[in-house]
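Derivation of every value follows stated rules applied to the coordinates shown; laboratory data play no part. Because the structure is predicted, anything quoted here is derived from the model rather than measured. Please note: Cβ atoms are built from the backbone with ideal geometry, for glycine as well, and neighbour counts cover all protein chains shown.
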Amino acid sequence: MVHVSPEERYKKVKFGAWVGIIGNIILAVMKAIVGIMANSRALVADAAHSASDVVGSVAVLIGIRAAQLPPDRDHPYGHGKAETVTAIIVAVLLFVVGIEIAMGSFKAFFEPIAVPGIAAIYAVIFSIIIKELMFRYKIHLGKKYKSDALITDAWHHRSDALSSVAAMIGIGASIIGGSIGIPWLVYADPVAGIFVAALIMKMAWKLGSESIHNTLDHVLHEEDTKEMYGKAATVPGVRTINELLAREHGHYVIVDIKIGVDPEITVKEGHTIGKLVKEKLMEDQYVQDVRVHINPYGKENEEE
């Protein structure tokens, strides 16, 4: 994560969300119109996927706005998890859309079906290019500014690009089947729709699982906190570090640290050492808050 002010981070992530909203509206409308005119169920399903992306990007926008709110009485650790909760909502939405697409495509096998028009292929190719560009841009922003919601939304775009590739194959096979007189190939279009749905649900499950994991007070592993240990240990007066827990709280970290100090110093001196430890760790903008517990240093109570 880069070191930027919360205001600058919010502006960058918000811009990424708006890119998704505007881009998805354009693609959803375009694919829906062409899909209906060209008689392509796969393209209409793909349009529904893009439409769900619009809702997802709006949810991301709301989530990052909520994450900017300062700590209050009910939320003393801040609102950073609002983005992670938003990521879960987007994942659930994505899964529901996958189910709906699968059901619509399955019903097509029991209805008369027409050969899609060639315009559907051009629309899909355009969608693949735009979606891949949107994915690359938003995954870059999400990783740079450590935004779970933006990363999830970026993968939403990638799943849409992959689904468009599947749709293109199905549409193409259906068109070829109609041209050379192979009736069963016409059903490649709804088959592609079902395959698209499977891809969407798999992606939703993966992203949802990761986001839920992050909401459960995930603690950074030891290798990720070595630098924090090193910084705290350099503070004058710190005899030992009994424990250091860094909890991910959305795009930032809350640190709980127990340090051992000379048991003969005054309470005021111990408080000063704890304050210096907090200031040292908060030099990293990744760290939002530090809670310091002071222990008297000694073999008999070193682990208190």
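The stretch between Tyr229 and Lys143, if pulled fully straight at 0.36 nm per residue, gains 28.5 nm over its current Cα-Cα span. Mind running the shape call on region 91-168? Use the C-alpha gyration tensor, a ≥ b ≥ c as the square roots of the eigenvalues: rounded below 1.5 for a/c, prolate if a/b tops b/c, oblate otherwise. It is oblate, given that a/c is not under 1.5 and a/b is not larger than b/c.
For Arg136 and His293, the difference between the fully extended length at 0.36 nm per residue and the C-alpha to C-alpha distance is 52.2 nm. Taking a ≥ b ≥ c as the square roots of the eigenvalues of the Cα gyration tensor, an a/c ratio of 1.5 or more together with a/b larger than b/c marks region 133-196 as prolate. Considering region 6-215, its Cα convex hull presents a mean projected area of 11.1 nm². The separation of region 130-209 from region 250-296, counted between C-alpha centres, amounts to 48 Å.
Each label was represented as a point 7 Å from its Cα along the Cα-to-Cβ direction; for Ile26 and Asp262 these points are 6.7 nm apart.
Spin-label model, Phe110/Arg247: points 7 Å from Cα along the beta carbon direction are separated by 5.1 nm.
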